[in-house]
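Encoded as structure tokens, the structure appears first; notes follow it.
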Amino acid sequence: MKIFVPIKRVIDYNVKVRIKPDNSGIEQTNVKMSINPFDEIAVEEAVRLKESGKATEIVVVTIGPEKAQEVLRTAMAMGADRGILVTTEEAIDLGAIEPLMIAKCLKSLIEQEKPDLVIMGKQAIDDDSNQTGQMLSALLGWPQATFASEIVTEGDSTTVTREIDGGLETLKVKMPAILTTDLRLNEPRYASLPNIMKAKKKPLDVKALDDFDLNTTPRLKLISVDEPPKREAGEKVENVDALIDKLKNEAKVI
Amino acid sequence: MSILVIAEHDNEELKPSTLNVVTAAKEFGEAIDILVMGENCQKVSKQAASIQNINKVYCMSDAQLKNHLAEPLTAGTMQIVKGDSYKYIMSPASTFGKNLLPRISALLDVQQISDVTEVVSASSFKRPVYGGQAIATVESNDDVKVITVRVTAFDAAEAEGGQAQVTEVAFNPTEDFGSTFVRLEVAQSERPELTGAARVVSGGRALGSKENFKMIEDLADKLGAAIGASRAAVDAGYVPNDYQVGQTGKVVAPELYIAVGISGAIQHLAGMKDSKTIVAINKDEDAPIFQIADYGLVGDLFDILPELTEKL
Ligand SMILES: Cc1cc2nc3c(=O)[nH]c(=O)nc-3n(C[C@H](O)[C@H](O)[C@H](O)COP(=O)(O)OP(=O)(O)OC[C@H]3O[C@@H](n4cnc5c(N)ncnc54)[C@H](O)[C@@H]3O)c2cc1C
């Protein structure tokens, strides 16, 4: 079984982001970048499937700037076999490269690579869209199982437990299929130093997004990026009685 | 030229989230149709028809739609959308809408706008990005706008008094969609539903165990509140996954939100900072949660919780 794992390079989840002074986007320079946490979980899941003897090859792909190859190296240090970097100079967080374009680019790569399973993050923590996996599934006509917290592959199908608003739902999808990961699927490993060294020698293909036959004119024009309404810190109260008094008489919420 | 709202329901009851989407849809000032897909969903269709100011309701009832799997729902929606010239297709940004709408968007070759919190004009919208650390205003130049709506950003539409006509439509597709439903584990609860609750009490990692989490339940029951949790509390198994509040969990905006033993990570704040009144109980006076709390109480939750529950 061959697994295809699309990943994205994003601002690290620990960073408090800064809005550009002209409100045209989020400051990306001199900021710590990382692999999108959900995608790291996707890579980990693929590596576990390989370790358990179910998968034979893991291909990771990212679309982004030249530097995005860092996240491919990270994924290869975790255990992916090879990487594909699709380069673009355009912003991949907001205002330029959009989920629909990414889904179309991935579709074309998947038609060449012919994986049995695609595992990807449910959302990227920059634009928070939560769209690409579902779009890809619809474009390919492959079944989907999103927000996965457990994946069991058996023969030509995969049983997936999904985290949904009402609880947990279990589905069985025929492969090839698209799965998207939720937080509780697994806890990604740290790559060991020897594996980081080994990853540097693993094959990495570079392609240009412009070479794909896609219309890359954004459908959504980014008008501005602004601060959310500010919430002022309130006051500290002394004790439980003071709290109850405030809630009753000032906020009037109880 | 009108609006199609895809209803969220469980074949028995229309979910309140649909009412919030209708309010968002009204901002466009055009006729609103509602599509109810499921099995034996006639009752839900009637509920949809009694929402005020609805043009018509499509009821598509079929065994293949029973479990609301994304693939057949997509086929059902495309069947309706092809026969009409809808300008807007909308659903809640719940796991239901998130699972379905991007598929419709891709098949229509348009770029979906996720998690809309404000309709600025017929084609421009506000939506939170970077876990709510910024608000993006975007203008769509697609002919059809596929939108998921952040439920807490819009009031519920009036659920009674409307008299829209219900049209039954057959589900035509017969293909094998490749996915089958196995089971659903629903956490049954007498408490209010988290997303729509007027009061929420949330517990974090500091609770330390499932048994201790009962202290959160006691306070919640005293207040008639729903229960929420941080990711750390869910990961540790104190509560089920659907209690998680945050960037990647549920978004809530109650009148009163009480955060107990929660530090206030960006990802948690993303799901609750639009609450009207926020109370934080934490033993660390520098915990980031205090920066957004209206009332902060510094101290040990194991002393404070029982006292608070007792005195209320
Ligand atoms: C991709 C991604 C998505 C995420 N999505 C979410 C999300 O949707 N929701 C979410 O909540 N998190 C999310 N997180 C996790 C988030 O970053 C934090 O790790 C998490 O919110 C921390 O939970 P906590 O506040 O309960 O735990 P901690 O940060 O450990 O805080 C515990 C707090 O309890 C206090 N405390 C300890 N003992 C006591 C006591 N006896 N009395 C009173 N106070 C006490 C401490 O002072 C501390 O402030 C996400 C993370 C990532 C990477």
* Asked: Tell me, which residue of the range B:238-294 that is away from the ligand (no atom under 11 Å from the Cβ) and open to solvent by 30 Å² or more (accessible area, probe 1.4 Å) is farthest from A:LYS230 (Cα to Cα)?
  -> B:PRO240
* Asked: Would you call A:THR159 open to solvent by 20 Å² or more (accessible area, probe 1.4 Å), more than 13 Å from chain B (Cβ to nearest Cβ) and not small (Gly, Ala, Ser)?
  -> no
* Within the range B:287-312, track down each residue that is within 17 Å of B:SER263 (Cα to Cα) and not in a helix (DSSP H, G or I). => B:ALA287, B:ILE292, B:ALA293, B:ASP294, B:TYR295, B:GLY296, B:LEU297, B:VAL298, B:GLY299, B:ASP300
* Asked: Can we say A:ARG184 is open to solvent by 50 Å² or more (accessible area, probe 1.4 Å), in contact with a helix residue (DSSP H, G or I) (Cβ under 8 Å, 6 or more places away or on another chain), touching a residue at least 12 places away in the same chain (Cβ under 8 Å) and within 14 Å of chain B (Cβ to nearest Cβ)?
  -> yes
* Could you grab me the full set of residues in the range A:139-156 that are crowded, with 18+ Cβ neighbours inside 10 Å, more than 9 Å from chain B (Cβ to nearest Cβ) and part of a strand (DSSP E or B)? => A:ALA148, A:ILE151, A:THR153
* Structure fact -> Those residues of the range A:82-116 which are of a type in the set (Gly, Ala, Ser), part of a helix (DSSP H, G or I) and surrounded by fewer than 20 Cβ atoms within 10 Å (Cβ to Cβ) amount to A:SER108
* Asked: So which of A:ILE119, A:ILE178 ends up being part of a strand (DSSP E or B), in contact with a Gly (Cβ under 8 Å, 6 or more places away or on another chain), within 22 Å of B:GLY249 (Cα to Cα) and more than 7 Å from every other protein chain (Cβ to nearest Cβ)?
  -> A:ILE178
* Test: residue in the range B:204-220 that is more than 9 Å from chain A (Cβ to nearest Cβ), within 9 Å of the ligand (Cβ to nearest atom), outside any loop (DSSP other than H, G, I, E, B) and without any contact (Cβ under 8 Å) to a residue 40 or more places away in the chain -> no
* To do: Sort out which residues of the range B:295-308 are open to solvent by less than 20 Å² (accessible area, probe 1.4 Å) and more than 9 Å from chain A (Cβ to nearest Cβ), and write them in order of number.
  => B:LEU301, B:LEU305
* Where in the range B:49-119 are there strands (runs of 3 or more DSSP E), lying wholly inside it, with at least 2 residues that are surrounded by 20 or more Cβ atoms within 10 Å (Cβ to Cβ) and more than 10 Å from chain A (Cβ to nearest Cβ)? -> B:56-61, B:86-92
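The values are calculated or read from the model by the stated rules, or taken from the named source; none is laboratory data. Note that the structure is a prediction, hence the values are computed from the model and not measured. Every residue, glycine among them, receives a Cβ derived from its backbone with ideal geometry; neighbour counts consider all protein chains shown. Ligands, DNA and RNA are stripped out before the accessible areas are found, and what is left, the full protein with its side chains, is counted by its heavy atoms. Shrake-Rupley method; radii C 1.70, N 1.55, O 1.52, S 1.80 Å.
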